[in-house]
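All remarks here apply to the structure that follows.
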């Protein structure tokens, strides 16, 4: 018998994960929608004094290049241009006496503006192969 080994694909980490509170709130919002919803589209855009802002919207369909994440019964769609900015992000839903809001716990976020409307995000560095590898 030869010593042939087969490679086993390692599961890819999810770009974005949800806390239980965020998943519950997203499911409730999507269930109340009057239109067909395929998932929640999350992204980033150039905005605000810190440089970028998180975006969220209903997605009526899944684009051919969308990164699709399934977490806690929620389908999250991420534009491929936003993946490097969101990698490792946890989305939470927090309530207080005066507000209720989604919060993005993003390890790539380097700062935020004082008003909380925008953030500075450094994209994840892509590992380069070592010479001779």
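For this structure, a couple of remarks:
- Complete set of residues in region 76-108 that are in contact with a helix residue (DSSP H, G or I) (Cβ under 9 Å, 6 or more places away or on another chain) and part of a loop (DSSP other than H, G, I, E, B): 106, 108
- Put simply, of 67, 45 the only residue that is in contact with a strand residue (DSSP E or B) (Cβ under 6 Å, 6 or more places away or on another chain), without any contact (Cβ under 8 Å) to a residue 12 or more places away in the chain and under 22 Å from residue 108 (Cβ atoms) is 45.
Values quoted throughout were computed directly from the atomic coordinates according to the rules given, and no laboratory measurement underlies them. Just so it is clear, the structure is predicted and the values come from calculations on it, not from any experiment. FYI the Cβ positions are ideal-geometry reconstructions off the backbone, even for glycines, and counts take in every protein chain you see.
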